[in-house]
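Below is one structure, written out as structure tokens; the observations come after it.
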């Protein structure tokens with residue numbers, strides 16, 4: 001999605017923001033996503049997976065994923081364009 005595309009499509013008011021170090025990898029948020037956009041994705045540490053979206057522009061920002069997470073590994077942010085860019089252009093990383 002180009003910057004022009006993201007401005008022409010109505011963006012949700014909020015988007016998920018994954019904090020990989022806080023995620024325990026249970027996948028509850030993945031199971032709650034009605035759009036089935038969240039997928040468990042391997043981080044920079046082999047064998048450690050966290051939720052991540054390959055098509056964040058399809059997210060409606062409902063917040064079910066964040067409300068399911070008891071560890072604070074996924075929260076909602078109003079920085080929607082930043083979150084979309086992060087999902088599309090970065091790999092989930094845990095600092096060692």
Tell me, what is the percent relative contact order of the range 3-89, built from C-alpha pairs under 8 Å that lie six or more residues apart?
40 percent
Please determine, in degrees from 0 to 90 and to the nearest 10, the orientation of helix 80-89 with respect to the longest principal axis defined by the Cα atoms of the chain, where the helix direction is its Cα long axis.
60 degrees
By count of other Cβ within 10 Å, fewest leading, how are 59, 33, 65 ordered?
33, 59, 65
Rank these for me by crowding, 60, 70, going from fewest to most other beta carbons within 10 Å.
70, 60
Rounded, prolate or oblate: which fits the range 38-96 when a ≥ b ≥ c are the square roots of the eigenvalues of the alpha-carbon gyration tensor, with rounded for a/c under 1.5 and prolate only if a/b beats b/c?
oblate
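Coordinate-derived values only; no laboratory data. Not measured: the values here are computed from a predicted model. With ideal geometry, Cβ positions are generated from the backbone for all residues, glycine too; neighbour counts draw on all protein chains shown.
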